[in-house]
1. Within region 389-406, track down each residue that is more than 15 Å from Glu365 (Cβ to Cβ), open to solvent by 10 Å² or more (accessible area, probe 1.4 Å) and either of a type in the set (S, T, N, Q) or within 8 Å of the ligand (Cβ to nearest atom) (or both).
2. Return the residues of region 181-212 that are under 20 Å from Glu89 (Cα atoms) and open to solvent by 30 Å² or more (accessible area, probe 1.4 Å); say none if nothing qualifies.
3. Considering only region 356-378, how many residues are assigned to a helix (DSSP H, G or I) and either within 16 Å of the ligand (Cβ to nearest atom) or in contact (Cβ under 8 Å) with a residue 12 or more places away in the chain (or both)?
4. Looking at Val545, Val573, Val561, Val540, can you tell me which residue is outside any loop (DSSP other than H, G, I, E, B), more than 16 Å from the ligand (Cβ to nearest atom) and buried (at least 19 other Cβ atoms within 10 Å of the Cβ)?
5. Quick one: would you say Asp514 is within 12 Å of the ligand (Cβ to nearest atom) and charged (D, E, K, R)?
6. Out of curiosity, is Trp387 within 24 Å of the chain's Cα centre (by Cα) and more than 30 Å from Val267 (Cβ to Cβ)?
7. Give, as residue ranges, the helices (runs of 4 or more DSSP H) completely inside region 72-180 that count at least 1 residues that are touching a Lys or Arg at 6+ places or on another chain (Cβ under 8 Å) and surrounded by fewer than 18 Cβ atoms within 10 Å (Cβ to Cβ).
8. Residue pairs, Cβ under 7 Å, 6 or more apart or interchain, first in region 391-410 and more than 21 Å from Ala356 (Cβ to Cβ), second of a type in the set (Val, Ile, Thr) and in a loop (DSSP other than H, G, I, E, B). List them.
Amino acid sequence: MDKAANPVLGSVSDQYLLNVLEAQRDPEAFWLAQARRLVWHSEPSHASRSDFTGDVRISWYEDGRLNVAENCLDRYLLTQPDKAAVIWEGQEDGHRTVLTYRELHARVCRLANTLRRLGVSKGDRVAIHLPMVVEGVVAMLACARIGAIHVVLFGGFSAEGLAERLRDSQAVVVITADVARRGAKLIPSKTTMDEALAACGAESAVRNVLVVAVTGATVPMQAGRDLSYEAEVALEMPDSPVEVMAACDPLFLLYTSGSTGRPKGVVHSTGGYLVWASFTHETVFNSQPDDIFWCTADTSWITGHTYVVYGPLVNGGTIMIYEGLPSWPAPGRWWDVIDRNGVTVFYTSPTVIRAAMREDDSVVESRSLASLRVLGTVGEPISPEAWQWFHDKVGRNCCPVADTWWQTETGGVMITASAGKVPGRPGAAGLPLPGVQVELLTPAGAGQEQPVVEGAGEGLLCLSASWPGQAMTLWQDHERFRQTYFTTCPGRYFSGDGARREADGYIWITGRVDDVVNVSGHRIGTAEIEDAIATDHEVVESAAVGIPHDLKGQGLVVYVVPREEGVLDTARVRKVVADSVGRYAAPEKVYVVRDLPKTRSGKIVRRLLRKIAAGELENLGDLSTLSDPECVQALISQVAEQQ
Ligand code: WT7
């Protein structure tokens, strides 16, 4: 078989290995050289001053000064002003917009000027709550231009979910849509935002709400606060000066879920993050100047930040943005988007692939897909079968598939089979990128030394050295940052994932080892779900767990103990979660039970709950640590009755 035509064969490229060695030998020099990808107002004289011990400090290119929007736009005005920066397709037939670098720059400047006029200054937070429209990209870059910190909020959050993030970030301006389209559904973005602001009351710092006319629907506007986006930007000039930022100034904060407590505002830097976006976008996807790069993630996730917006634009590429769903109005819609626009790199999620696999193969086979060069997936483990289907059917056996492991906190890809450099292996994430120092640690008992796994083996996935894309802190809670990531495996960043390494270095991700559930790539903290349910007075306590799900990867199952035995409306429990967090987090199944299994110290034994919900009753493990081992049988029969 031809090596080039089948990326599963072949070996790691020499150049890649040289980079790995170079980054290992002299990380400081390697990362300083990578900083030259960017244009700086003053170049950094050193790379990392990070420290994973003590109070923990993440610091990259400290004395460098730059502006992110200038790096993504202005520099290309000189060399390629008429190149397409953004191709946007709406879900309605015929809705299509192409913006050149010159046009995108002009739009960004008009909004930057508008925000300045509204009193937004360097360091202020601006919340962006938009569907997949061009204005979402414009808004992020406009914030970057004036040094405001953007906080992109998912369109699927409930009003309470939005309110919580607005309170925590103290955003001063919100940019939202009148109404968003989602397949046949219309999402009332502005009304939900109004409810969120009402819920915040005096705790909100929001002075103005800019409303983008996405559908043109009439929505209530509060005089003095709400403004038409189009009317405001039309008043401004298409040029505006950039705010020169320090490399360690925050570029954005982005909320994500952890195993405990409320969502955390992950803070990313200006200089290090942008170096990482540029480096990984080029390395992982073997990016070429004439690529049409389509990352299908929503901009409200880190994947959207790094690979819809910053990575491709800082490297001068063309990004594809699509407003709609993969199979609406008909199966194969996304393959049409690829063919119509000549997409060359397609970066999507295992959930999308699994859904496409369920359709008849003729759907994908009837499309050309000849423009595709590289494929990628992210967000959840991809099974070898799904990998192979993606490779064979979408990639037609000739596009490398890069499964990419990373997290909101890592800023960009960390472990992957970089296209054209590292052969793909179905089901495995691949190798750490140059400069990424992966260590697997064996979990140890309290107070015990955790041995590092050498060579082949399995353990907790840690990173033993900082990298430029690493988050600097959690918004206004550095202590929580230190505790969350740097105490499980002292002196290292602990990801929350487990992993297995093969003898030749390939890494397989085995999944979260903490109480985080991954539903279709949505990261959901079980504590968040339980906190929401706790507001229901009919419930004494609850426990949420993730179980395997054919389509979504994992599904969320909740056990609730009612105050009054036997009586509880499970639909209400789902609604409480949907209202408090968002519809995407509503549990698949709610089991009403008399008791939850606990240890003698009162800790809920989730391992058992997971197994019972998944129907894996053969090997329930050691039950002797339970305070009431009897309760297990009762639990099993109560669940069986409700299945
Ligand atoms: C968690 C991070 C990375 C951007 C999207 C999600 C899981 C992510 C993979 C992968 C197996 C993966 C991990 C990780 N995950 N990519 N390729 N294979 N698992 O970002 O919301 O911060 O979630 O997603 O469990 O910790 P996120």
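The values are calculated or read from the model by the stated rules, or taken from the named source; none is laboratory data. Keep in mind that this is a model prediction, so the values were computed, not measured. Cβ: placed from backbone, ideal geometry, glycine included. Neighbour counts: every protein chain shown. We work out accessible area using only protein heavy atoms, side chains counted, and drop any ligands, DNA or RNA first. Shrake-Rupley method; radii C 1.70, N 1.55, O 1.52, S 1.80 Å.
1. Passing the criteria: Asp403, Trp405, Trp406.
2. The answer is Arg181, Arg182, Ala184, Lys185, Leu186, Ile187.
3. Looking only at region 356-378, we keep the residues that are assigned to a helix (DSSP H, G or I), and these are 356-358, 361-365.
Checking the rest, the ones that are also either within 16 Å of the ligand (Cβ to nearest atom) or in contact (Cβ under 8 Å) with a residue 12 or more places away in the chain (or both) come to 356-358, 361, 363-365.
Counting residues in region 356-378 that are assigned to a helix (DSSP H, G or I) and either within 16 Å of the ligand (Cβ to nearest atom) or in contact (Cβ under 8 Å) with a residue 12 or more places away in the chain (or both) gives 7.
4. Working: Val545 fails: more than 16 Å from the ligand (Cβ to nearest atom); Val561 fails: buried (at least 19 other Cβ atoms within 10 Å of the Cβ); Val540 fails: buried (at least 19 other Cβ atoms within 10 Å of the Cβ).
Within the list Val545, Val573, Val561, Val540, the selection yields Val573.
5. Working: within 12 Å of the ligand (Cβ to nearest atom): yes; charged (D, E, K, R): yes.
In short, yes.
6. On the way: within 24 Å of the chain's Cα centre (by Cα): yes; more than 30 Å from Val267 (Cβ to Cβ): yes.
Yes; evaluated as a whole, the condition is true for this residue.
7. Values: elements: 75-79, 101-117, 134-146, 159-169.
Because the criterion is at least 1 residues that are touching a Lys or Arg at 6+ places or on another chain (Cβ under 8 Å) and surrounded by fewer than 18 Cβ atoms within 10 Å (Cβ to Cβ), the helices (runs of 4 or more DSSP H) in region 72-180 that meet it are 75-79.
8. Correct list of pairs: Trp406/Val413.
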